[in-house]
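Undergrad: Would you mind keeping the following structure in view while I ask a few things?
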Amino acid sequence: MYIIEEDSSDGSEEEYEEEILEHGVISSDSDNDSDSDSDSDSDSDSDSDDDVVIEFDEFSDDEDDEIAIERIYNEDVHHLESDKTHGKCYIGLCKYMPNPNLFLMLNTISSRAYFRHNGVHVLKYLYYYGSVRLQCPKIEIMKLEILDDGTYSVVLKTHWIRLIQRHWRRIFAKRQAILNARKKINNIRTREITGKFPYGLNVLPNLIGILRYYSN
């Protein structure tokens, strides 16, 4: 799990990790994902369908948008203007530069501000206060690597968060099914007699090993 850089000392790193896992930086997958879609090929094929992408029009913002964007700026200006730390992960925008073949960090927002505001407003804030205007900006989790010349190069980490979210939703559904089955009278009676639930109901699946498909 990756730790997002946070300016404030309030709140533990574990809380931010849990928020990233639960809410995500990108939009959730469709609730109709097939359970059979459990290998790496199917996950990677559908990545591009999950992202929230907005094509910006300079004149598309209404007054509420402008107020919200200004509010985010006022709350997060310290993070915006602060020097970023090599090796830390940030939420923000980046742009691929074919020469010299790297992703360039454009703008970031603190995790506290990200979770406090509407996702569209956050995206517009990052867009308007970024160093480069993107046609279709998309929020990413990025690990910062400051090059020798001071360039803010990043490595994208959003892909792995997306995979964890997808697999966890399937595991959570299986856990709920097992817990519901344990409540049935015949299964409770079996446990009273044998000390165990019927086969298949004794172990709850968890997060351990959910990314084993990607180990090779």
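Undergrad: Test residue 189 against the stated conditions and say whether it is surrounded by 14 or more Cβ atoms within 10 Å (Cβ to Cβ) and part of a helix (DSSP H, G or I). Let's see the steps before the verdict.
TA: Details: surrounded by 14 or more Cβ atoms within 10 Å (Cβ to Cβ): no; part of a helix (DSSP H, G or I): yes.
Spelling it out, it is not the case that residue 189 is surrounded by 14 or more Cβ atoms within 10 Å (Cβ to Cβ) and part of a helix (DSSP H, G or I).
Undergrad: Scan the stretch 151-161 for residues that are of a type in the set (Val, Ile, Thr) and either open to solvent by 30 Å² or more (accessible area, probe 1.4 Å) or free of Cβ contacts under 8 Å to residues at least 24 places away in the same chain (or both) and jot them down. If you could, list the steps in order and put the result at the bottom.
TA: Residues of the stretch 151-161 of a type in the set (Val, Ile, Thr): 151, 154-155, 158, 161.
Those that are of a type in the set (Val, Ile, Thr) and either open to solvent by 30 Å² or more (accessible area, probe 1.4 Å) or free of Cβ contacts under 8 Å to residues at least 24 places away in the same chain (or both): 151, 155.
One line per residue, one yes/no per condition, for (1) modelled with pLDDT under 90; (2) on the phi > 0 side of the Ramachandran plot; (3) among the charged types (D, E, K, R):
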residue	(1), (2), (3)
49	yes, no, yes
55	yes, no, yes
59	yes, no, no
78	no, no, no
83	no, no, yes
86	no, no, no
100	yes, no, no
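Undergrad: Follow-up question, since we're still on this one. What pairs can you find where one residue is in the stretch 97-114 and over 16 Å from residue 147 (Cβ atoms), the other is basic (Lys, Arg) and open to solvent by less than 80 Å² (accessible area, probe 1.4 Å), and their Cβ atoms are less than 8 Å apart, with a gap of 6+ or different chains?
TA: That search, which allows pairs on different chains as well, returns 108/84.
Undergrad: What's the number of the only condition in (1) more than 30 Å from residue 84 (Cα to Cα); (2) open to solvent by 60 Å² or more (accessible area, probe 1.4 Å) that residue 204 fails to meet?
TA: Tallying (1) more than 30 Å from residue 84 (Cα to Cα); (2) open to solvent by 60 Å² or more (accessible area, probe 1.4 Å), residue 204 fails exactly one: (2).
Undergrad: Hey, another quick one. When you check residue 164 against the structure, is it within 30 Å of residue 86 (Cβ to Cβ), among the hydrophobic types (A, V, I, L, M, F, W, C) and open to solvent by less than 50 Å² (accessible area, probe 1.4 Å), yes or no? Spell out the reasoning first.
TA: Working: within 30 Å of residue 86 (Cβ to Cβ): yes; among the hydrophobic types (A, V, I, L, M, F, W, C): yes; open to solvent by less than 50 Å² (accessible area, probe 1.4 Å): yes.
Yes; evaluated as a whole, the condition is true for this residue.
Undergrad: Output the strands (runs of 3 or more DSSP E) that fall wholly within the stretch 76-165 and possess 1 or more residues being more than 28 Å from residue 212 (Cα to Cα) and touching a helix residue (DSSP H, G or I) at 6+ places or on another chain (Cβ under 7 Å), or say none. Walk me through how you get there before you give the answer.
TA: Numbers: elements: 89-97, 102-109, 140-146, 152-156.
Strands (runs of 3 or more DSSP E) meeting the threshold: 89-97, 102-109.
Undergrad: Any residue that is surrounded by 15 or more Cβ atoms within 10 Å (Cβ to Cβ), under 25 Å from the mean Cα position of the chain (by Cα) and closer than 30 Å to residue 82 by Cα - is there at least one of those in the stretch 167-180?
TA: Within the stretch 167-180, not a single residue is surrounded by 15 or more Cβ atoms within 10 Å (Cβ to Cβ), under 25 Å from the mean Cα position of the chain (by Cα) and closer than 30 Å to residue 82 by Cα.
Undergrad: I would also like to ask the following. Kindly indicate the residue of the stretch 126-150 that is surrounded by fewer than 14 Cβ atoms within 10 Å (Cβ to Cβ) and not basic (Lys, Arg) and also nearest to residue 198 (Cα to Cα) among those meeting that condition. If you could, list the steps in order and put the result at the bottom.
TA: Applying the first criterion (surrounded by fewer than 14 Cβ atoms within 10 Å (Cβ to Cβ)) to the stretch 126-150 yields 131-133, 135-136, 147-150.
Then keep just the ones that are not basic (Lys, Arg); that gives 131-132, 135-136, 147-150.
On the way: 131: 60, 132: 59, 135: 56, 136: 52, 147: 58, 148: 61, 149: 63, 150: 61 Å.
Checking each candidate, the answer is 136.
Undergrad: Pick from the stretch 85-96 the residues that are under 19 Å from residue 134 (Cβ atoms) and touching a residue at least 12 places away in the same chain (Cβ under 8 Å): which of them is nearest to the chain's Cα centre (by Cα)?
TA: Going through the qualifying residues, I end up with 91.
Undergrad: Say we look at the stretch 78-114 and pick out the residues that are open to solvent by 20 Å² or more (accessible area, probe 1.4 Å) and of a type in the set (Ser, Thr, Tyr); which of these is nearest to residue 138 (Cα to Cα)?
TA: That would be 96.
The values are calculated or read from the model by the stated rules, or taken from the named source; none is laboratory data. None of the values given here were measured: they were computed from a predicted structure. Counting neighbours? That spans all protein chains shown, and the Cβs are built from the backbone with ideal geometry, glycine included. The area values use the complete protein model at the heavy-atom level, side chains included, leaving out ligands, DNA and RNA. Shrake-Rupley method; radii C 1.70, N 1.55, O 1.52, S 1.80 Å.
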